[in-house]
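Visitor: Let me begin by handing over the structure; questions about it come next.
The values are calculated or read from the model by the stated rules, or taken from the named source; none is laboratory data. The model shown is predicted, which means the values in this text are computed figures rather than measured ones. Here the Cβ is made from the backbone with ideal geometry for all residues, glycine too, and neighbour counts use every protein chain on show.
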């Protein structure tokens, strides 16, 4: 019986250690006041992201949404005091991308997965910032 407890405990320790996601708490009033899809939120996020080294940011899948014929991936953005959500347009993901299966699914099985090496572009159209998916090295579930 003692051996069983040791194996279960060891498995739990490994499981907890394998997930390097830190808890974060938003401290930015703009993120509290507006929704991630709104212009003000996105402008604040672009400003905050520009203040953090890209290597210090981590991205975690929150959900997949479809709006007005476009598909978006909502990701939790964390790092160096930043705790926010980004809405990334994934409508035109290349067929060879590891994100293709996420785009074609409802996204539910991917919630909480880490996006290693996420690359995106930020475009400013008519004073509103928009995030567009470029590539991801891998999805760690």
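Visitor: Applying the selection to the range 85-124, what residues are part of a loop (DSSP other than H, G, I, E, B), under 14 Å from the mean Cα position of the chain (by Cα) and crowded, with 19+ Cβ neighbours inside 10 Å? Explain how you work it out, then say what you get.
Guide: So in the range 85-124, the residues part of a loop (DSSP other than H, G, I, E, B) come out as 90-99, 105-107, 111-113, 117-118.
Okay, now just the ones that are also under 14 Å from the mean Cα position of the chain (by Cα), so 90, 99, 107, 111-113, 117-118.
Passing the criteria: 90, 99, 107, 118.
Visitor: Of the residues that make up the range 54-64, is at least one in contact with a strand residue (DSSP E or B) (Cβ under 9 Å, 6 or more places away or on another chain), at pLDDT below 95 and under 13 Å from residue 131 (Cβ atoms)?
Guide: Checking the range 54-64: not a single residue is in contact with a strand residue (DSSP E or B) (Cβ under 9 Å, 6 or more places away or on another chain), at pLDDT below 95 and under 13 Å from residue 131 (Cβ atoms).
Visitor: Another question about this same structure. Within the range 30-41, which residues are assigned to a helix (DSSP H, G or I) and surrounded by 13 or more Cβ atoms within 10 Å (Cβ to Cβ)?
Guide: Selection gives 30, 31, 39, 40, 41.
Visitor: Are any residues in the range 125-141 over 17 Å from residue 93 (Cα atoms), touching a residue at least 24 places away in the same chain (Cβ under 8 Å) and part of a loop (DSSP other than H, G, I, E, B), and if so, which ones? Please lay out each step first, then the result.
Guide: Initially, the range 125-141 is screened for residues over 17 Å from residue 93 (Cα atoms), giving 125-129, 140-141.
Now restrict to residues that are touching a residue at least 24 places away in the same chain (Cβ under 8 Å): 127-129, 140-141.
The answer is 127, 141.
Visitor: Name the residue that is surrounded by the fewest Cβ atoms within 10 Å (Cβ to Cβ), counting only residues in the range 125-137 that are farther than 15 Å from residue 61 by Cβ and at pLDDT 95 or above.
Guide: 132
Visitor: Also, quick follow-up: For the range 42-76: of the residues being touching a residue at least 12 places away in the same chain (Cβ under 8 Å) and part of a helix (DSSP H, G or I), which is farthest from residue 124 (Cα to Cα)?
Guide: 56
Visitor: For a quick check of your reading of the model, give me the residue pairs whose first member lies in the range 107-123 and is on the phi > 0 side of the Ramachandran plot, whose second is assigned to a loop (DSSP other than H, G, I, E, B), with beta-carbon atoms closer than 9 Å and at least 6 apart or on different chains.
Guide: 112/19; 112/21; 112/141; 117/136; 117/137
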